[in-house]
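S.K.: One structure, as structure tokens, below. Some questions next.
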Amino acid sequence: AQSVTQLGSHVSVSEGALVLLRCNYSSSVPPYLFWYVQYPNQGLQLLLKYTSAATLVKGINGFEAEFKKSETSFHLTKPSAHMSDAAEYFCAVSEASGTYKYIFGTGTRLKVLA
Amino acid sequence: GAVVSQHPSRVICKSGTSVKIECRSLDFQATTMFWYRQFPKKSLMLMATSNEGSKATYEQGVEKDKFLINHASLTLSTLTVTSAHPEDSSFYICSASRAGGTGELFFGEGSRLTVL
């Protein structure tokens with residue numbers, strides 16, 4: 001069975017500082033991995049996805065994530081946080097066979113301090 | 001890009017009434033649509049998977065008679081909360097997959113249901 005663990009339900013960084021949001025997954029089959037962002041009372045917006053191509057994936061708004069099979073991780077990073085990055089971030093995994101059935105992590109709320 | 005729209009974005013209803021939420025894929029045909037429920041400060045809980053023209057597949061613990069899902073066309077799925085009660089108040093989000101896609105789901109904006 002697949003599962004996703006996001007370490008840290010809340011992360012605070014200063015504006016301009018590095019953002020690191022952690023995601024570890026468990027999957028018995030090759031996974032697809034995703035990071036989504038959610039602003040209050042809105043749906044989810046895709047930041048980036050890993051679908052078995054390059055292990056370093058670049059997404060929107062300066063975010064990127066690296067797929068590390070040996071560590072079963074897919075951590076999300078951004079070199080310099082902006083106030084507008086404050087939101088809830090969800091990591092998700094699905095089977096690479098294309099079932100589209102996502103398993104979501106519990107989410108990490110990012111707070112950016114001025 | 002692929003756009004998924006939900007309507008209404010907010011709805012308030014009285015206890016005992018039924019509420020219908022629509023999920024539309026605006027610029028693509030959605031082979032499969034998913035309905036999620038999100039509790040405050042919690043993750044998304046998958047409620048059911050629906051394929052056009054067939055019965056929805058519900059996740060364990062989700063009452064299919066309370067949460068009726070219809071996927072009548074390749075661009076529209078509806079979730080009807082029947083005989084709503086205050087505990088059904090939540091944020092409901094739909095998503096859709098696209099034929100020939102690469103595993104990515106496209107999410108609606110969400111619908112906040114408040115049952116008085």
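S.K.: Go through the residues of the stretch A:6-14 one by one and say whether even a single one is outside any strand (DSSP E or B), in contact (Cβ under 8 Å) with a residue 60 or more places away in the chain, within 30 Å of B:Gly100 (Cα to Cα) and in contact with a Lys or Arg (Cβ under 7 Å, 6 or more places away or on another chain).
M.R.: Within the stretch A:6-14, one or more residues are outside any strand (DSSP E or B), in contact (Cβ under 8 Å) with a residue 60 or more places away in the chain, within 30 Å of B:Gly100 (Cα to Cα) and in contact with a Lys or Arg (Cβ under 7 Å, 6 or more places away or on another chain).
S.K.: Same structure again: Here are some residues: B:Ala84, B:Ala56, B:Ala72. Which one is touching a His at 6+ places or on another chain (Cβ under 9 Å) and either more than 27 Å from A:Pro30 (Cβ to Cβ) or among the aliphatic types (A, V, I, L, M) (or both)?
M.R.: After applying the criteria, what remains is B:Ala56.
S.K.: I need the strands (runs of 3 or more DSSP E) fully contained in the stretch A:15-67, keeping only those with at least 3 residues that are out of contact with any Pro (no Cβ under 6 Å at 6 or more places or on another chain) and either without any contact (Cβ under 8 Å) to a residue 24 or more places away in the chain or within 9 Å of chain B (Cβ to nearest Cβ) (or both).
M.R.: Of the strands (runs of 3 or more DSSP E) lying wholly inside the stretch A:15-67, those with at least 3 residues that are out of contact with any Pro (no Cβ under 6 Å at 6 or more places or on another chain) and either without any contact (Cβ under 8 Å) to a residue 24 or more places away in the chain or within 9 Å of chain B (Cβ to nearest Cβ) (or both) span A:31-38, A:44-50, A:56-58.
S.K.: Does B:Phe34 qualify as being out of contact with any His (no Cβ under 6 Å at 6 or more places or on another chain), at pLDDT below 90 and not β-branched (Val, Ile, Thr)?
M.R.: Against the criterion (out of contact with any His (no Cβ under 6 Å at 6 or more places or on another chain), at pLDDT below 90 and not β-branched (Val, Ile, Thr)), B:Phe34 does not qualify.
S.K.: Also, I was wondering about something else. Report, by residue number, each residue of the stretch B:90-116 that is surrounded by 18 or more Cβ atoms within 10 Å (Cβ to Cβ) and away from every other protein chain (no Cβ under 12 Å).
M.R.: Listed by number, the residues that qualify are B:Ser90, B:Leu113, B:Val115.
S.K.: So which of B:Ser43, B:Ser83, B:Ser9 ends up being at positive phi and among the polar types (S, T, N, Q)? Before you say what the answer is, go through the steps one by one.
M.R.: Working: B:Ser43 fails: at positive phi; B:Ser9 fails: at positive phi.
B:Ser83 is the lone residue from the list that is at positive phi and among the polar types (S, T, N, Q).
S.K.: Here's another thing I want to ask about it. Just wondering, is there one or more residues in the stretch B:58-67 that are surrounded by fewer than 18 Cβ atoms within 10 Å (Cβ to Cβ), under 14 Å from the mean Cα position of the chain (by Cα) and of a type in the set (Gly, Ala, Ser)?
M.R.: Among the residues of the stretch B:58-67, not one is surrounded by fewer than 18 Cβ atoms within 10 Å (Cβ to Cβ), under 14 Å from the mean Cα position of the chain (by Cα) and of a type in the set (Gly, Ala, Ser), which makes the answer no.
S.K.: Could you tell me which of the residues A:Ser80, A:Ser84, A:Ser94, A:Ser70 is farther than 30 Å from A:Ala114 by Cβ and surrounded by fewer than 17 Cβ atoms within 10 Å (Cβ to Cβ)? Spell out how you get there, then give the answer.
M.R.: Details: A:Ser80 fails: farther than 30 Å from A:Ala114 by Cβ; A:Ser84 fails: farther than 30 Å from A:Ala114 by Cβ; A:Ser94 fails: surrounded by fewer than 17 Cβ atoms within 10 Å (Cβ to Cβ).
Selected residue: A:Ser70, the only one of A:Ser80, A:Ser84, A:Ser94, A:Ser70 that is farther than 30 Å from A:Ala114 by Cβ and surrounded by fewer than 17 Cβ atoms within 10 Å (Cβ to Cβ).
S.K.: Within the stretch B:24-67, track down each residue that is touching a Phe, Trp or Tyr at 6+ places or on another chain (Cβ under 8 Å), hydroxyl-bearing (Ser, Thr, Tyr) and either in contact (Cβ under 8 Å) with a residue 60 or more places away in the chain or not in a loop (DSSP other than H, G, I, E, B) (or both).
M.R.: B:Ser25, B:Thr32, B:Tyr36, B:Thr49, B:Ser50, B:Tyr58
S.K.: With the condition kept exactly as written, say whether any residue in the stretch A:70-79 is free of Cβ contacts under 8 Å to residues at least 24 places away in the same chain and in a strand (DSSP E or B).
M.R.: Among the residues of the stretch A:70-79, not one is free of Cβ contacts under 8 Å to residues at least 24 places away in the same chain and in a strand (DSSP E or B), which makes the answer no.
The values are calculated or read from the model by the stated rules, or taken from the named source; none is laboratory data. These numbers were taken from a predicted model, which means no experiment stands behind them. Positions of Cβ are generated from backbone atoms using ideal geometry, with glycine treated the same way; all protein chains shown enter the neighbour counts.
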